[in-house]
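The values are calculated or read from the model by the stated rules, or taken from the named source; none is laboratory data. All values reported here derive from a predicted model rather than from experimental measurement. No Cβ is skipped: glycine too gets one built from the backbone with ideal geometry, and neighbour counts run over all protein chains shown. All accessible areas refer to the heavy atoms of the entire protein, side chains included, with ligands and DNA or RNA removed. Shrake-Rupley method; radii C 1.70, N 1.55, O 1.52, S 1.80 Å.
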Amino acid sequence: MFLAKIKKRVVSTRKHPAYNGKHVFVVQPVNPDLKAVGNEWVAVDYVGASIGDIVVCGGAPGVAQQVFQLDYAPIRTLIMAIVDKIDFRDFQ
Amino acid sequence: MKLGNVIGNVWAERKVKQLHGCRLLVVQPIQSSGRPCGSPLVVADPGRLAGIGDTVVIVTSTDAAQAFDSGVAPVNAAVVELVDIIQ
């Protein structure tokens, strides 16, 4: 799983049914010091996050199927938690 | 999942059974700013969602097989959304 900042929202009308009714965001992975690192990802929201939040993203294959209780869920990256606070030591 | 621009089609007469009747698109992964990131991929489009020039969301993992109605396909990249706006 990785820390990320929600940058933008992806609006789409034609999509796979598993995405109906779900918010899809563009997230930028960040270090604990909230500096951007690496490329953006697209993630499906499950906790009611919004643009500008720091969140925890990730997911194993097939997890979305269980989490959303769907027959078929071609979803990989989930937004699992909205971060309130991060305590961390320095890192390389 | 990633954002991508559809830049081409792949036509193949002989292919595995599960891919019959399924479009194969050439997609360039991009960032939301439009900057390309990574090399173009061949992406299955079972839902017939996109064509050349469209911006799409693709899932690149074993979950891609679940974009198919049967839920079983030898793919690890599939189109799941046709993007209207990124705001």
Percent RCO, i.e. relative contact order, over chain A, from Cα pairs under 8 Å lying at least 6 residues apart: 29
Eligible lysines near A:Lys85 by straight Cα distance, threshold 30 Å, same-chain separation 8 or greater: A:Lys5, A:Lys7, A:Lys8, A:Lys22, A:Lys35, B:Lys2
Backbone HN-Hα couplings from phi across the range B:54-67 [Karplus 6.51/-1.76/1.60, Hz, Gly and Pro as x]: 7, 9, 10, 9, 10, 9, 10, 5, 5, 5, 4, 5, 7, 6
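Can you send over the carbon and sulfur percentage of the accessible area for chain A, probe radius 1.4 Å, protein chains only? Each step should come with its number before you reach the end.
Numbers: 2620 of 5100 Å².
Summing carbon and sulfur atoms, their accessible area is 51 percent of the total for chain A.
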Which of A:Val26, A:Thr77, A:Val67, positive extreme of dipole for the range A:2-82 (C-beta unit charges): A:Val26
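Let me spell out the model: positive unit charges on the Cβ of Lys and Arg, negative unit charges on the Cβ of Asp and Glu, origin at the Cα centre of the protein assembly as shown. What dipole size does that give, in debye rounded to 20? Please list the in-between numbers first.
Values: 18 positive and 15 negative charges, 67 e Å.
Using only the charged Cβ atoms, the result is roughly 320 debye.
Can you sort A:Asp53, A:Asp33, A:Asp71 by 1.4 Å-probe accessible area, starting with the largest? The partial results should precede the final answer.
Working: A:Asp53 40, A:Asp33 60, A:Asp71 125 Å².
Reading off the accessible areas and sorting them downward yields A:Asp71, A:Asp33, A:Asp53.
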Candidates B:Pro29, B:Pro46, B:Pro74: whichever shows maximal mean-square fluctuation once chain B is modelled as a Gaussian network with Cα springs under 10 Å: B:Pro74
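Counting only protein heavy atoms and a 1.4 Å probe, tell me what percentage of chain B's accessible area is made up of carbon and sulfur.
54
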Inter-label distance, nm, simple model (7 Å from Cα along the C-beta direction), B:Ile85/A:Ile86: 3.0
Separation between Cα centres of the range B:30-87 and the range A:7-22, rounded to whole Å: 13
GNM result for chain A, Cα springs below 10 Å: residue of A:Val42, A:Val27, A:Val63 fluctuating most strongly: A:Val63
Protein accessible surface hidden between B and A, which excludes ligands and nucleic acids, total in Å², probe 1.4 Å: 2500
